[in-house]
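One structure is given here, and the rest of the page talks about it.
Please treat every number below as a calculation from the coordinates, not as lab data. Quick caveat: nothing in here was measured; it's all calculated off a predicted structure. All Cβ positions, even for glycine, are placed from backbone atoms using ideal geometry, and neighbour counts span all protein chains on display.
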Amino acid sequence: MRQSPASADRADIYTRVTNEIVAAIESGAGDWTMPWHHDGAAVTRPQNVAADRRYRGINVLALWIAAEVGGYAVGIWGTYRQWIAVGGQVRKGERGTTVVLFKEAGSRDDDHHDEEESARRRMIARAFTVFNIAQVDGYEPETSALGPESQRFDHAESFVAALGVPVVTGPYDAHYRISTDQVFMPPAAAFDDPVAHIGTLIHEMGHATGAAHRLDRNFAERFKEHALAMEECVAELTASYILADLGIAHHLRPDHAAYVASWLEALKSDPRAIFTAASKAQQAADWMHAQQPDAQAALEREAA
């Protein structure tokens, strides 16, 4: 049976974005640098110039890759028309970046749904081309500086503590143990620096979000032999999203080499796999943010 033009367009969106991510993984495979590694700078928190809201899910990853390739330092993006509306002008000859929005009848656009959610909620994938502020003339962004590094690490420690997942420190390899719902970690002194320690801790917390009493995440049925690699990809993306939010770098982990081939095989065999991983990682990051005291305070203010 032939695909409808709309279905073909959606399939092309998945393939196009997946191919860009596969290319980025392959280009970094020699030193195990993945497209979700970053330095915590402002460009790692991409936001839309018109809507003044952050991009999410798969679009974060796509824009990170574009920023790395283009050498962009600021994470402000918009469509051609959005830049015109705020007084900017995309320079002639500039090449845009594809982002994907999913729309449900009668709802606002969203940008982090995976294929399973789309099927349940009758979501329609739409592709848009956006340009970075570095590709635009006539627009000056507001500048905001990160706090001191020590303050950011203190915040990160408090952020993890608020998740309520027990952490056992001792002579262990870092891992999350499903049977006891605990994260096991080596002492902080065993890591090269605080960045490696907090990045590993949040990675393991990413695994903990998949527990049955939290987000109940299981890839065994759909991805079979790639289920473990998919779960590792979700934990890595979750750590990337959270560390970017906290203004902390996300560096490679020593065990990346064991997963790169599986990641590539899973992504190449299923163009929707990376959309699913990015969506599940966004859900995990959202869950972590929802556990923070300020998130609860905001809900209480809205209810008052």
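Is any helix in the chain, taking whole DSSP H runs, at least 24 angstrom long along its axis by alpha carbon and on average at least 0.5 on the Kyte-Doolittle scale, and which ones?
The answer, listed by residue number, is 227-246.
For a Förster distance of 45 Å, can you work out the FRET efficiency between the beta-carbons of residue 269 and residue 94, rounded to the nearest 0.05? The pair residue 269/residue 94 has a calculated efficiency of 0.85. At q = 0.08, 0.13 Å⁻¹, what log₁₀ I(q)/I(0) does the chain have when each alpha carbon counts as one equal point scatterer in the Debye sum? Reported log10 I(q)/I(0), two decimals: -0.36, -0.99.
Mean sequence separation of contacting Cα pairs (under 8 Å, at least six apart), scaled by the length of the chain, corresponds to a relative contact order of 22 percent. Contact order normalised by length for region 149-303, with contacts defined as Cα pairs under 8 Å and 6 or more residues apart; what percent is it? It rounds to 22 percent for region 149-303.
Listed by chain and number, the lysines placed with their C-alpha closer than 22 angstrom to that of residue 103 are 280; residues fewer than eight positions away on the same chain are left out.
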